[in-house]
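A.B. asks: My questions will all concern the structure given below.
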Amino acid sequence: MIVFEVLTKRTFFRYFADKREVLFSGAAILEKTFVGGIRGAAADAPPLDAIAAGLDAAAEIFEQVGDRVRKRQAILVANPELQERELIKLARLAAAGAEALRDRGVAEPAAGLAAEAAMAVLRVSFDRWTADPDGQDLRALLRQSLSELRSMAGAI
């Protein structure tokens, strides 16, 4: 059973900087999960494999709340001012991923490149996943996108 409580404006703004921030309230949990996945990867895992572990962990969060994530995505697509905020949140996620890789001993520029590549993989896969709710699961799409990235990088 879902229970709704009355929330005053004052209480609301104690938790959120503004009403749009509600759409981004899970960013801290996502970051913690993504970084935890990177840190939990095998000690000898190359940077992209550690990133894959982080993305896999993050996918679990999205898949648990799939319908809500898809509704959120539709709101973001329809509102350019929210897209800017989404990009800022993704930049923070990339910075946290790069830091986790550096903690694993990955030097620059590899740590930064791998973390930024992860965000591209996440965006492409996430867009495909939210557009086709009856299609592949997010983890499969993430793996496909990472595989494509590896293939393209090998061809350069």
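A.B. asks: With the structure loaded, tell me whether D56 is assigned to a helix (DSSP H, G or I), modelled with pLDDT of 85 or more, touching a Lys or Arg at 6+ places or on another chain (Cβ under 9 Å) and of a type outside the set (S, T, Y) or whether it fails that test.
C.D. replies: yes
A.B. asks: Right, another one. Name the pairs whose Cβ atoms lie under 6 Å apart, with the first residue in segment 55-70 and under 16 Å from E31 (Cα atoms) and hydrophobic (A, V, I, L, M, F, W, C), the second surrounded by 14 or more Cβ atoms within 10 Å (Cβ to Cβ) and at pLDDT below 85, and 6 or more positions between them or separate chains?
C.D. replies: Here the result reads F62/V69, each pair linking segment 55-70 to a residue that is surrounded by 14 or more Cβ atoms within 10 Å (Cβ to Cβ) and at pLDDT below 85.
A.B. asks: Could you check segment 131-151 and list, in sequence order, the residues that are surrounded by fewer than 20 Cβ atoms within 10 Å (Cβ to Cβ), assigned to a helix (DSSP H, G or I) and not hydrophobic (A, V, I, L, M, F, W, C)?
C.D. replies: The first filter runs over segment 131-151 and keeps only residues surrounded by fewer than 20 Cβ atoms within 10 Å (Cβ to Cβ), leaving 131-137, 139-140, 143-144, 147-151.
After this cut, where a residue has to be assigned to a helix (DSSP H, G or I) as well, the list is 131, 139-140, 143-144, 147-151.
Those that are surrounded by fewer than 20 Cβ atoms within 10 Å (Cβ to Cβ), assigned to a helix (DSSP H, G or I) and not hydrophobic (A, V, I, L, M, F, W, C): R139, R143, Q144, S147, E148, R150, S151.
A.B. asks: For the structure I just gave you, tell me whether E63 is in contact with an Asp or Glu (Cβ under 8 Å, 6 or more places away or on another chain) and exposed (fewer than 14 other Cβ atoms within 10 Å of the Cβ).
C.D. replies: Spelling it out, E63 is indeed in contact with an Asp or Glu (Cβ under 8 Å, 6 or more places away or on another chain) and exposed (fewer than 14 other Cβ atoms within 10 Å of the Cβ).
A.B. asks: Checking the structure you have, find out if any residue of segment 127-136 is under 12 Å from the mean Cα position of the chain (by Cα) and closer than 21 Å to V35 by Cα.
C.D. replies: For segment 127-136, residues under 12 Å from the mean Cα position of the chain (by Cα) and closer than 21 Å to V35 by Cα: absent.
A.B. asks: Given the options A114, A107, name the one that is in a loop (DSSP other than H, G, I, E, B), modelled with pLDDT of 95 or more, of a type outside the set (D, E) and farther than 20 Å from I29 by Cα.
C.D. replies: Working: A114 fails: in a loop (DSSP other than H, G, I, E, B).
When all the criteria are applied, what remains is A107.
A.B. asks: Suppose we filter segment 71-98 for residues that are surrounded by 15 or more Cβ atoms within 10 Å (Cβ to Cβ), over 13 Å from the mean Cα position of the chain (by Cα) and free of Cβ contacts under 8 Å to residues at least 40 places away in the same chain; how many remain?
C.D. replies: The qualifying residues number 1.
A.B. asks: Name the residues in segment 114-133 that are among the hydrophobic types (A, V, I, L, M, F, W, C) and touching a residue at least 12 places away in the same chain (Cβ under 8 Å), would you?
C.D. replies: A114, A115, A117, A118, M119, A120, V121, L122, V124, F126, W129
A.B. asks: Among (1) farther than 19 Å from T33 by Cβ; (2) in contact with an Asp or Glu (Cβ under 6 Å, 6 or more places away or on another chain), which single condition is A96 missing?
C.D. replies: Condition (1) is where A96 drops out.
A.B. asks: Please determine whether any residue of segment 26-33 is modelled with pLDDT of 95 or more and more than 26 Å from A78 (Cα to Cα).
C.D. replies: yes
A.B. asks: Hey, among the residues in segment 120-130 that are in contact with a helix residue (DSSP H, G or I) (Cβ under 6 Å, 6 or more places away or on another chain) and surrounded by fewer than 19 Cβ atoms within 10 Å (Cβ to Cβ), which one's farthest from A74 (Cα to Cα)?
C.D. replies: Filtering first and then ranking leaves V124.
The values are calculated or read from the model by the stated rules, or taken from the named source; none is laboratory data. Here the structure is a predicted model, which means the values were calculated and not measured. In this analysis, Cβ positions are derived from the backbone assuming ideal geometry, glycine residues included, and neighbour counts consider all displayed protein chains.
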